[in-house]
Amino acid sequence: MSTQSTSPSGDAKFNVCRFLRLPQLCSTCVAFSLVADMGTLRGAIGNWSMSFWCVCFAMTFLIALVECCRHPSSFPFFWYNISVTYACYAALICLSASIIYSITYVQFMPYGPNWDRAIAATAFSCIASVLYVIEVAGMRAWYELKEIFFYVHTVRALLKVLETFVAGVIFAFLSNTSLYLHQPALEWCVAVYSICFILAAVVLLLGLAEWEYMLPGPFSIFQLVLSLLSVLLYISALVLWPLYQFSEGFGGQPQRSSGGDCRDELTYDMCAWDQRLAVAVLTAVNLLVYVADLGYWAGQVSVGTEDQPRDS
């Protein structure tokens, strides 16, 4: 169902830029700068977190620049859906960076100036995550939009955001190709993550562009089939990944201590065993999200309805 947009008030635009964009930019910039100031001591985990904060800063700056340079009347409804969807991802990115950076690096640091910088960076990352959540929750009220369907505020869109985000974090851990190369079962798991990510991303883009209703058949049936396929694929990955990574009978390492690079002290990178465990946990999490997605679309098909734009 297509919708039309009406121009938000100019005051609303400047309010968002003033009360959200600037704090978002400051918090991500401060988090990035604090870790960058640690020099070589920040390690690979610090570089990974810095890249996340840098991406959020750059994208937020670009969105703020576009909003300040263009008149509100020139914004199609598609732009608002894109900006809100980005805010969802940014909130998840900053929250993930805060958690991973603190539990895999900060807790092992000795007390001192670098520890203070790391704690402050984690705090500012959490603040940024809260600011992005506020943007997602309050976008419609601040912009005073009329007759604009916020796709990302629907259950189906939030599930797709979670599916693609969790898959993205999995890919970050899989950047260590030694975890799966030359092992067909584990390479199959990587293929599963890639296939399901592409399918979820395509569906999300179809919804943002409102092209989902242009498909030749019922979109609910299409989504139900994709969700069922993704659930089956993720079940295979949830079985094979732990089996080949942690079972001695299949060449895995059942205990963390068996990994030579794993130590309960400050390291500059996550050890391979921890990365394997993280992928296994994230696989289970994403499977639960896909199961929820499957249940949602099964309900939609059974009652013959789909999400419709909400009244403003």
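Readers should treat all values here as calculations from the given coordinates under stated rules, not as data from a laboratory. The shown structure was predicted, so the numbers you read here are calculated from the model rather than taken from an experiment. Cβ sites come from the backbone with ideal geometry, for glycine too, and all protein chains shown count toward neighbours.
Just a few scattered comments:
- Extension gain from residue 185 to residue 37, taking 0.36 nm per residue of separation minus the Cα-Cα distance: 49.1 nm
- Applying 0.36 nm per residue to the separation of residue 243 and residue 194 and subtracting their alpha-carbon distance, the gain on full extension is 15.7 nm.
- Förster-model FRET efficiency, 51 Å R0, residue 177 and residue 303, C-beta, rounded to 0.05: 0.65
- For the stretch 20-25, backbone phi angles converted through the Karplus equation (6.51, -1.76, 1.60; θ = phi - 60°) give residue-by-residue couplings of 10, 4, 5, x, 4, 4 Hz, Gly and Pro being listed as x.
- Contour minus Cα-Cα distance for residue 99 and residue 255 (0.36 nm per residue): 53.8 nm
- Rounded to the nearest whole Hz, the Karplus-based 3J(HN,Hα) values (6.51 cos²θ - 1.76 cosθ + 1.60, θ = phi - 60°) of the stretch 99-113 follow the sequence 5, 5, 5, 6, 7, 9, 9, 4, 5, 9, 7, x, 5, x, x, with x at glycine and proline.
- Each label point was placed 7 Å from the Cα along the Cα-to-Cβ direction; for residue 82 and residue 44 their separation is 3.5 nm.
- Between the beta carbons of residue 292 and residue 107, assuming R0 = 41 Å, the FRET efficiency works out to 0.80 to the nearest 0.05.
- Calculated from backbone phi, Karplus (6.51, -1.76, 1.60) coupling profile of the stretch 48-53 in Hz, x at Gly/Pro: 5, 5, 4, 5, 5, 5
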